[in-house]
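What follows is one structure encoded as structure tokens, with my remarks underneath.
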Amino acid sequence: MANETIALISLGCSKNLVNSEQMLCLLDDAGFSVVPEADGADAVIVNTCGFIDAAKSEAIDVILEMGALKAAGRLGKLIVAGCLPERYRAEIRTELPEVDALVGVGSFAEIVSVLRETLDGGCPERFGDRCAPVDEVGRFLTTGPGWAYLKIAEGCDNRCAFCAIPDIRGRYRSRPMENILAEAGALAQSGVRELIVVAQDITRYGTDLYHRRALAELCRKLSEIGGIEWIRLHYLYPDLFDDGLIDEIAGNDKIVKYLDIPIQHINDNILRSMNRRGTGTEIRALFRRLRDRVPGLVLRTSLIAGLPGEGPEEFEELCDFLREARIERAGVFPFSPEEGTPAAEMDDRCPPEEAQRRAELVMELQGEIMDAFQSAQIGKTLRVLCTGVDGAFRTGRSWADSPDIDGTVYFTGSCPPGEFCPVHITGLMDGELMGEEAVSC
Ligand code: SF4
């Protein structure tokens, strides 16, 4: 039985975190000791994101930091996994000699043999088929208490012109529904109350395996699992909403009335040149329809400022749309030309500093909308999932807050972490809701 100590650093998005948790589970099952710090460990696995420049820089900084620990004799081996080696395998080998082993996105399930070989002095590389059916592997939960991500598919077929993910992560593959339900049941048994359903695009769920859109059916079945009280949906592609899905979202009390629908832009020409399906008119109509059907709905979206073809007029159209749609939660990135993508080859590019300026303007505009939404919660009593204790306060999240990207509710009371309680909102501090545990909502 192995007894070496292994640390894992997970970078990037929630989908990558699920892969990290699967690797930790395999290592734990194989008898390795998972430790929180790389300093002093026999090996560290850095599970990387290579989606955009900022993510690549972060990954390289962490690799260099781990390399320095190794050089100082405070770390044994350095394994780099995930999107960065999938995209830059040769470059890592030549530019980052401190890296001992590489694991691509099709080979997470081989982590135990990679680690063994590395600890025994080898320099293995594993790059399995990125388009193979999803590996069904257990999880070593690093989130919670009370909540966990539930990944329902891998890869993406959408081919947005600015995005490298389909090339890195492979074609779209849904997980079989029975496997997802079994995993959700086990999570519920372990105390999970909120499932955060993720994939690059969850609206497409089932189209490959079952030749039909099956997200509504999956949500209905997830909501029948005892113990699951919130089902939060992330990354819904706007043009794949159908009546069945909207009915399910509106009528199923367990589906959190918070939808993350990345639209990227609203101008028709830009949407078309970015190979996004649907028009600005259709996006506006969808948002109106969702607001009509789902009272109290909180919308989240992602936007890109400075896409090729975005002049002052197109940018103003985006800002006008945001003023009118009053989307409660939004993230915005300046356009980053990713090598190998069609958008990186396009003319009519906005200078990077102008793209950055526009992204900041959008954040300013959205900041006002988000502040107004937060202020409107004062005086209400909200159902909150308690997620921990911070000094004199409990911390938690309401329906309007997804972990890591939205806010925290700070409140006084005695609710155990991992349980729900009503919280009367009494004020704001630095934009975060403050309150006290109440008797009922
Ligand atoms: S939907 Fe578009 S932006 Fe999202 S992962 Fe797929 S290709 Fe990338």
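The values are calculated or read from the model by the stated rules, or taken from the named source; none is laboratory data. Quantities reported herein were computed from a predicted structural model and do not represent experimental measurements. We place every Cβ from the backbone using ideal geometry, glycine too, and count neighbours over all the protein chains shown.
One line per residue, one yes/no per condition, for (1) within 16 Å of the ligand (Cβ to nearest atom); (2) β-branched (Val, Ile, Thr); (3) within 16 Å of the chain's Cα centre (by Cα); (4) assigned to a loop (DSSP other than H, G, I, E, B):
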position: 180; (1), (2), (3), (4): no, yes, no, no
position: 188; (1), (2), (3), (4): no, no, no, no
position: 201; (1), (2), (3), (4): yes, no, yes, yes
position: 210; (1), (2), (3), (4): no, no, no, yes
- Report whether or not residue 35 is over 16 Å from the mean Cα position of the chain (by Cα), crowded, with 23+ Cβ neighbours inside 10 Å and β-branched (Val, Ile, Thr). no
- Task: Looking at (1) more than 27 Å from residue 183 (Cα to Cα); (2) free of Cβ contacts under 8 Å to residues at least 60 places away in the same chain, find the lone condition where residue 7 falls short.
- Result: (1)
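Being more than 23 Å from the chain's Cα centre (by Cα) and among the acidic types (Asp, Glu) is the filter here, so list the residues in region 260-284 that pass it. Walk me through it before giving the result.
Of all residues in region 260-284, those more than 23 Å from the chain's Cα centre (by Cα) come to 267-270, 272-273, 278-282, 284.
If the condition is that a residue be more than 23 Å from the chain's Cα centre (by Cα) and among the acidic types (Asp, Glu), then 268, 282 are the ones that fit.
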- Scan region 274-290 and report the pairs whose first residue is outside the structural domain of residue 238 (by TED's automatic domain parsing) and whose second residue is within 16 Å of the ligand (Cβ to nearest atom) and charged (D, E, K, R), with Cβ atoms within less than 6 Å and a gap of 6+ or a chain change. 275/159; 277/239; 278/239
- Task: Provide a single number: the residues in region 152-169 that are modelled with pLDDT of 95 or more and more than 9 Å from the ligand (Cβ to nearest atom).
- Result: 3
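I'd like the full set of residues that are closer than 19 Å to residue 362 by Cβ, of a type in the set (Lys, Arg) and either away from the ligand (no atom under 16 Å from the Cβ) or part of a helix (DSSP H, G or I) (or both), limited to region 260-297. Quick ask: steps written out before the conclusion?
So the first thing to find is which residues in region 260-297 are closer than 19 Å to residue 362 by Cβ, and the list is 260-271, 274, 276, 280, 283-284, 287.
If we keep only those that are of a type in the set (Lys, Arg) as well, we get 276, 284.
If the condition is that a residue be closer than 19 Å to residue 362 by Cβ, of a type in the set (Lys, Arg) and either away from the ligand (no atom under 16 Å from the Cβ) or part of a helix (DSSP H, G or I) (or both), then 284 is the only one that fits.
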- Message: Can you tell me which condition residue 302 does not meet? The list is (1) part of a strand (DSSP E or B); (2) touching a helix residue (DSSP H, G or I) at 6+ places or on another chain (Cβ under 6 Å); (3) outside the structural domain of residue 162 (by TED's automatic domain parsing), and all the others hold.
- Response: (2)
- Task: Mind counting the residues in region 262-286 that are on the phi < 0 side of the Ramachandran plot, surrounded by fewer than 22 Cβ atoms within 10 Å (Cβ to Cβ) and not aliphatic (A, V, I, L, M)?
- Result: 11
- Query: When residue 250 is evaluated against the numbered criteria (1) among the aliphatic types (A, V, I, L, M); (2) surrounded by fewer than 19 Cβ atoms within 10 Å (Cβ to Cβ); (3) in a strand (DSSP E or B), which criterion, by number, is the only one it fails?
  - Reply: (3)
- Task: Could you please find all residues in region 219-242 being charged (D, E, K, R), modelled with pLDDT under 95 and away from the ligand (no atom under 11 Å from the Cβ)?
- Result: 242
- Provide a single number: the residues in region 111-146 that are touching a Gly at 6+ places or on another chain (Cβ under 7 Å) and among the charged types (D, E, K, R). 3
- Quick count over region 2-38, residues being among the β-branched types (Val, Ile, Thr) and under 19 Å from residue 61 (Cα atoms), is 1
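Quick one: in region 150-181, of everything that is over 24 Å from residue 127 (Cα atoms) and not aliphatic (A, V, I, L, M), which residue is surrounded by the most Cβ atoms within 10 Å (Cβ to Cβ)?
Restricting attention to region 150-181, the residues satisfying the condition of being over 24 Å from residue 127 (Cα atoms) are 150, 160-162, 177-181.
Okay, now just the ones that are also not aliphatic (A, V, I, L, M), so 160, 162, 178-179.
On the way: 160: 21, 162: 23, 178: 9, 179: 12.
It comes out as 162.
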